Amino acid sequence: MQSANFVVGKVEETVSDTNMEKANMLDPNHFSIKGVSIKYFCSLVDLWGGRSTLEGMTTQDVCTKFVKTQTEASKLSWCADLYLSNDPNLESQVHDANYFISHAWKYKFLDVVDALAQFVDSNKLDPELTIVWFDLLSNSQHNTGTKDFTWWTTVFRNAIQKIGSVVLIMQPWVDPIPLTRAWCVYEIYVANVAESNFYVAMPPSETQIFMDSLKTQTTAYFSLLANLKSRNCMAGNLSDQEAIFDVIQRTIGFSSLDRTVLETLVGWVIGTLQGQITSSMKSQNILDKIEWMVVLAGFYQILSNYEKAEPMLIECLETKKRVLGQDHPDTLSSLNNLALLYKSQGKYEQAEPMYIECLETSKRVLGQEHPDILSSLSNLAGLYESQGKYAQTEPMYIECLEKSKTVLGPDHPFTLSIMNNVAGLYQLQGKYVQAEPMYIECLETSKRVLGQDHPETLLTLNNVALFYTLHGKHEQAEPMSIECLETSKRVLGPDHPNTLSSMSNLD
């Protein structure tokens with residue numbers, strides 16, 4: 001899969017090619033790779049009555065009201081009608097596509113338009129040279145009969161390969177609709193095996209919701225990871241679904257397909273966050289720039305890319321100390337983030353004084369019962385655990401767990417994280433009778449609240465599997481270890497530290 005080198009050129013056609021294509025387009029069954037420019041695509045909004053008319057209409061609604069009505073006489077595609085019109089102005093709007101658009105018909109049409117316009121703008125593409133194959137326009141909407149699956153594995157695949165790039169419109173961000181649709185998943189599969197460029201796009205409104213979620217808590221990204229599972233897709237026709245599943249499982253597998261989407265999404269998230277930082281710099285909004293740097297650094301931490309995260313967190317901390325003051329809650333949050341990074345890297349001597357300063361200042365500034373105290377207390381306890389100081393760790397974890405249950409609730413993700421930590425500490429101390437039921441409770445609640453594929457659930461599953469392995473309960477441990485490893489490979493990637501930890505359990 002490629003994630004750069006955008007196609008911006010336009011293929012020149014010979015007279016012979018044009019005449020042959022016109023002859024082919026008279027056949028509604030012919031699969032043409034003709035599309036329209038993004039500039040023309042966006043102009044359809046005005047042609048069909050403007051945004052106020054299209055507000056709330058899905059792509060399916062637009063098809064019924066406009067496309068099918070205006071192509072009723074020819075029974076051809078919208079592109080074919082333009083191309084065969086003998087009107088040079090209309091004919092010139094149609095060219096060989098260089099981007100295939102994968103989407104859901106139930107999307108609001110204006111969201112699709114806005115997503116593609118933002119995709120072109122953010123990647124600095126020329127809207128006149130960016131030609132999209134969009135089934136609403138490129139396919140005849142009067143000939144939608146089911147094609148033999150062999151057709152999809154040959155003609156369709158060759159067409160995708162010739163177009164060269166696929167853009168998946170993802171919405172809503174937390175559980176994208178296309179990944180629940182078997183045919184959309186098949187389009188991603190074809191992009192993979194055809195070695196086409198693969199991109200993701202979101203409507204600006206959805207992008208903002210996603211970015212705001214990351215700004216509130218970077219681990220919101222985990223919710224997307226937990227829901228992104230193409231194996232759960234469905235088709236209206238069961239035989240189509242079975243054929244799609246069969247071809248994917250016999251070749252690259254669903255895990256590889258999910259990794260294609262996730263790896264592309266990672267690049268998109270990083271690029272979008274960098275865009276937010278650049279925008280803040282242009283407006284000279286220092287604090288907004290720092291806030292987005294914190295989010296990007298946190299995202300790099302999730303990816304275990306500590307080298308990129310560290311300088312950003314240091315700059316954020318120094319700027320907040322200078323602008324907001326040492327005791328400001330946002331400064332303390334940045335201090336905690338940097339300490340967490342050092343702890344993750346095993347730099348305990350650097351992390352400890354930061355954690356202690358953060359905890360003591362937070363108690364003084366925010367008060368003993370403030371929720372932020374829980375995070376500081378838990379982090380310091382985790383540091384002591386990593387250093388083998390169990391006598392200091394246990395009372396801190398217990399205090400943190402009890403307060404978290406009271407303040408946040410027993411099912412809150414933070415409470416579950418602390419419960420997992422306490423169970424792990426009991427195991428390290430040989431208190432197995434106390435550890436096992438706590439692990440089980442934590443795992444069952446995590447599956448129910450966060451989902452089976454959520455990284456926090458996988459962490460607990462890995463711990464339970466390891467617990468059973470150490471106690472010789474291999475029949476219980478092995479299926480858990482295998483499930484954890486396979487899911488971690490798909491969700492986190494094969495080189496992520498948590499995946500490597502799961503792999504070591506099976507050695």
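The values are calculated or read from the model by the stated rules, or taken from the named source; none is laboratory data. Predicted, not measured: the structure shown is a model, and the values here were computed from it. All Cβ positions, even for glycine, are placed from backbone atoms using ideal geometry, and neighbour counts span all protein chains on display.
With the structure loaded, tell me whether residue 459 is modelled with pLDDT under 95, touching a Ser or Thr at 6+ places or on another chain (Cβ under 9 Å) and not basic (Lys, Arg) or whether it fails that test. Don't jump to the end; show me each part of the working.
Values: modelled with pLDDT under 95: yes; touching a Ser or Thr at 6+ places or on another chain (Cβ under 9 Å): yes; not basic (Lys, Arg): yes.
Spelling it out, residue 459 is indeed modelled with pLDDT under 95, touching a Ser or Thr at 6+ places or on another chain (Cβ under 9 Å) and not basic (Lys, Arg).
With respect to the numbered conditions (1) within 27 Å of the chain's Cα centre (by Cα); (2) surrounded by fewer than 23 Cβ atoms within 10 Å (Cβ to Cβ), which one is the sole condition not fulfilled by residue 129?
(1)
So, in segment 468-485, of the ones that are in contact with a helix residue (DSSP H, G or I) (Cβ under 6 Å, 6 or more places away or on another chain) and hydrophobic (A, V, I, L, M, F, W, C), which residue ends up surrounded by the most Cβ atoms within 10 Å (Cβ to Cβ)? Write out each step before concluding.
So in segment 468-485, the residues in contact with a helix residue (DSSP H, G or I) (Cβ under 6 Å, 6 or more places away or on another chain) come out as 468-469, 476-477, 480-481, 484-485.
From the residues that got through so far, the ones that are hydrophobic (A, V, I, L, M, F, W, C) too are 477, 480, 484-485.
Details: 477: 20, 480: 21, 484: 27, 485: 23.
The selected residue is 484.
Provide a single number: the residues in segment 339-372 that are more than 21 Å from residue 316 (Cβ to Cβ), of a type in the set (Asp, Glu) and touching a residue at least 24 places away in the same chain (Cβ under 8 Å).
The number of residues fulfilling the criteria is 1.
Given the conditions (1) buried (at least 20 other Cβ atoms within 10 Å of the Cβ); (2) modelled with pLDDT under 95, and given that residue 36 satisfies all but one, which numbered condition is not satisfied?
(2)
Looking at (1) more than 23 Å from residue 452 (Cβ to Cβ); (2) touching a residue at least 12 places away in the same chain (Cβ under 8 Å); (3) hydrophobic (A, V, I, L, M, F, W, C), which is the only condition residue 222 fails?
Against the list (1) more than 23 Å from residue 452 (Cβ to Cβ); (2) touching a residue at least 12 places away in the same chain (Cβ under 8 Å); (3) hydrophobic (A, V, I, L, M, F, W, C), residue 222 comes up short only on (1).
Can you pull out the helices (runs of 4 or more DSSP H) entirely within segment 46-146 that have at least 1 residues that are among the aliphatic types (A, V, I, L, M) and more than 27 Å from residue 23 (Cβ to Cβ)?
On the way: elements: 51-54, 59-62, 78-83, 88-91, 109-122, 135-138.
Helices (runs of 4 or more DSSP H) meeting the threshold: 51-54, 59-62, 109-122.
Find the helices (runs of 4 or more DSSP H) located wholly in segment 215-312 whose residues include 3 or more that are buried (at least 21 other Cβ atoms within 10 Å of the Cβ), and list them. Spell out how you get there, then give the answer.
On the way: elements: 221-227, 238-250, 254-282, 286-302.
Because the criterion is at least 3 residues that are buried (at least 21 other Cβ atoms within 10 Å of the Cβ), the helices (runs of 4 or more DSSP H) in segment 215-312 that meet it are 221-227, 254-282, 286-302.
Here's the yes/no breakdown for (1) surrounded by 21 or more Cβ atoms within 10 Å (Cβ to Cβ); (2) at pLDDT 95 or above; (3) not in a helix (DSSP H, G or I):
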{"site": "403", "(1), (2), (3)": "no, no, no"}
{"site": "406", "(1), (2), (3)": "no, no, no"}
{"site": "414", "(1), (2), (3)": "no, no, no"}
{"site": "423", "(1), (2), (3)": "yes, yes, no"}
{"site": "430", "(1), (2), (3)": "no, no, yes"}
{"site": "438", "(1), (2), (3)": "no, yes, no"}
{"site": "441", "(1), (2), (3)": "no, yes, no"}
{"site": "445", "(1), (2), (3)": "no, yes, no"}
{"site": "452", "(1), (2), (3)": "no, no, yes"}
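Which residues, taken from segment 410-463, are within 23 Å of residue 396 (Cβ to Cβ) and either among the acidic types (Asp, Glu) or under 23 Å from the mean Cα position of the chain (by Cα) (or both)?
Once the filter is applied, which keeps residues that are within 23 Å of residue 396 (Cβ to Cβ) and either among the acidic types (Asp, Glu) or under 23 Å from the mean Cα position of the chain (by Cα) (or both), segment 410-463 yields 411, 412, 413, 414, 417, 436, 441, 446, 456, 459, 460.
Do we have any residue at all in segment 438-446 that's in contact with a His (Cβ under 8 Å, 6 or more places away or on another chain) and either among the basic types (Lys, Arg) or in the same structural domain as residue 460 (by TED's automatic domain parsing) (or both)?
Filtering segment 438-446 down to residues in contact with a His (Cβ under 8 Å, 6 or more places away or on another chain) leaves 446.
When the remaining residues are screened for being either among the basic types (Lys, Arg) or in the same structural domain as residue 460 (by TED's automatic domain parsing) (or both), the result is 446.
Yes, that holds for at least one residue.
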